[in-house]
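In what follows, a single structure is set out as structure tokens and then discussed.
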Amino acid sequence: MTSTAASDMQNILERGFVGAVDATAEPYQQESSRHYIEYSVLSPEKASRSCEESQTTAEDTSAIELSLSAPKIVPRKIASLPTAPHSMNHKLIQLWEGRVEEIKEDCFAAILTDKTNHNLPDESAEFGFDELNITDRALVRIGSLFIWSISYEDGYGGRRTVSEIRFRRLRPWTKQSLKRVKNDQEEIARILG
Amino acid sequence: MPEAESEGRTVVLVGSFNPAIFQPMWFVKEGLIRNEEAESVTKNGPKLIVTSDFTAFSVEEGFQFQLEVRKDRFVITCRNPAHWQLMLDLVCQTFEILEHTPVSQMGINRDAHYRVNSAERWKEIGDLLAPKNAWHKLLNPTTRRVMIEGTRDGCTAKYIQATVEPSSRFPLPNRVLSISTNEHYEWAASNTVLNSVEILKSNWDDAYMFSKALTESVFLFGATK
């Protein structure tokens, strides 16, 4: 399997693979003079081996009793790796990319490019600021790019139609970026003579 | 052509990474995701893993994506077509910030899951992609997975692998077929990530269109109705 195929990782996610967390000692149980210390597993690879071991170790309780001076790593399943909610499915109906052309008091005007049907001409539209997520309002500037999408979302509650405006979070050009572009231009000019 | 039950895109980078960097709040601090999206990671229970060897989390509100980073791999997946451009932006912006990250391989991947209407067609697809004549020594041979490798016109990818198998997102007895593509790029010497970012940007749309056409043609192959 190719090293960049995601299917192996996806399979791991969907099996609820054991995750890794920071190595912190937690007091597991205190009984009379005995202290049980449990360490979290440090890596998925170690967890994989350790889970197989722990299933046998957990049933043999005498092996779990430890002294404080020589703690034994007793791995446990900490958490499943996060997985995308299987219940949510998205079907894209329409997608435009917009570019802000004018900012007014309570709305902004934009040119929309249809990304679902590339044969359609650009259109202009106005959007109210109250249609935006509060944190996206700070991103509205002349020339800012955004995605306007209309999708079906299928979840546990059934199907709903969702219209969403998301501003693209593009960082401004840095001096280094400009320098790289300039260098590329000079190289191309040199090649073309 | 039936609608896909589910469709996702993934970017995989193979190189040298510091997993501990890729915490949700780092992305917020760099202005790449919203604060509430980072907060959604742990909203419904612990779904965040951050160590020096491995980081993984899933954003479940707003721009929904899954991220996993190991020391040698960076994998990001998004299953909402409306947010695929956002995922591309996130990857490109991240590695324009971390511009000295060495990267030797990249995968631009897509997976799509299609429901097959009948048991007969389910068997027919398996037999068409992997004829059973050669396997007559086996009793009840069944196709479990087919992987084919090739290239596409005008693409500098080393290869494109297409894989067809029963869907793990909609496991048996559902008759849902997973058809996935992996467009694999490789560089002879260790390379900074900026080259990968440029290739990713320039191939993002074409990789999707090709994958979609390929998966649809495979799904419809030999269909008589």
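Tabulated data
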item: Among residues of the stretch A:134-143, those that are surrounded by 15 or more Cβ atoms within 10 Å (Cβ to Cβ), outside any helix (DSSP H, G or I) and within 23 Å of the chain's Cα centre (by Cα), counted; result: 1
item: Identity of the residue in the stretch B:37-68, without any contact (Cβ under 8 Å) to a residue 24 or more places away in the chain and more than 7 Å from chain A (Cβ to nearest Cβ), that ends up nearest to B:GLN23 (Cα to Cα); result: B:ALA38
item: Where a residue in the stretch A:130-159 is on the phi > 0 side of the Ramachandran plot and its partner, wherever it lies, is of a type in the set (D, E, K, R), with Cβ under 9 Å and at least six apart; result: A:GLY143/A:ARG99; A:GLY143/A:GLU101
item: Test result for A:GLU102, modelled with pLDDT of 95 or more and either of a type in the set (Gly, Ala, Ser) or over 22 Å from B:GLN85 (Cα atoms) (or both); result: yes
item: Conditions (1) in contact (Cβ under 8 Å) with a residue 24 or more places away in the chain; (2) closer than 20 Å to B:PRO19 by Cβ; (3) crowded, with 19+ Cβ neighbours inside 10 Å; number of the one not met by B:LYS71; result: (3)
item: Positions within the stretch B:142-163 being more than 14 Å from chain A (Cβ to nearest Cβ), surrounded by fewer than 16 Cβ atoms within 10 Å (Cβ to Cβ) and either touching a Pro at 6+ places or on another chain (Cβ under 9 Å) or of a type outside the set (Ser, Thr, Tyr) (or both), in sequence order; result: B:ASP153, B:GLY154
item: Counted residues, the stretch B:8-38 - those being buried (at least 19 other Cβ atoms within 10 Å of the Cβ), β-branched (Val, Ile, Thr) and not in a strand (DSSP E or B); result: 1
item: Selection within the stretch B:74-88 - facing chain A (nearest Cβ under 7 Å) and either touching a residue at least 40 places away in the same chain (Cβ under 8 Å) or of a type in the set (Phe, Trp, Tyr) (or both); result: B:VAL75, B:THR77, B:ARG79, B:PRO81
item: Candidates B:GLU96, B:GLU61, B:GLU5 - the one that is in a strand (DSSP E or B) and touching a Lys or Arg at 6+ places or on another chain (Cβ under 9 Å); result: B:GLU5
item: Per-region count, the stretch B:10-23, residues more than 11 Å from every other protein chain (Cβ to nearest Cβ), under 22 Å from the mean Cα position of the chain (by Cα) and over 14 Å from B:ASP72 (Cβ atoms); result: 1
item: Of the criteria (1) modelled with pLDDT of 90 or more; (2) under 22 Å from B:ARG73 (Cα atoms); (3) surrounded by fewer than 18 Cβ atoms within 10 Å (Cβ to Cβ), which one B:ALA130 fails; result: (2)
item: Residue list for the stretch B:162-199, filter: out of contact with any helix residue (DSSP H, G or I) (no Cβ under 8 Å at 6 or more places or on another chain) and aromatic (Phe, Trp, Tyr); result: B:PHE170
item: Top-ranked residue in the stretch B:142-170 [being of a type in the set (Ser, Thr, Tyr) and in a loop (DSSP other than H, G, I, E, B); ranked as farthest from B:GLN105 (Cα to Cα)]; result: B:THR142
item: Residue in the stretch B:133-141 that is touching a helix residue (DSSP H, G or I) at 6+ places or on another chain (Cβ under 7 Å), in contact (Cβ under 8 Å) with a residue 40 or more places away in the chain and in a loop (DSSP other than H, G, I, E, B) present; result: no
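The values are calculated or read from the model by the stated rules, or taken from the named source; none is laboratory data. None of these values were measured; they are calculated from a predicted model. Don't worry about glycine lacking a Cβ; one is built from the backbone with ideal geometry, like all the others, and counts go over all protein chains shown.
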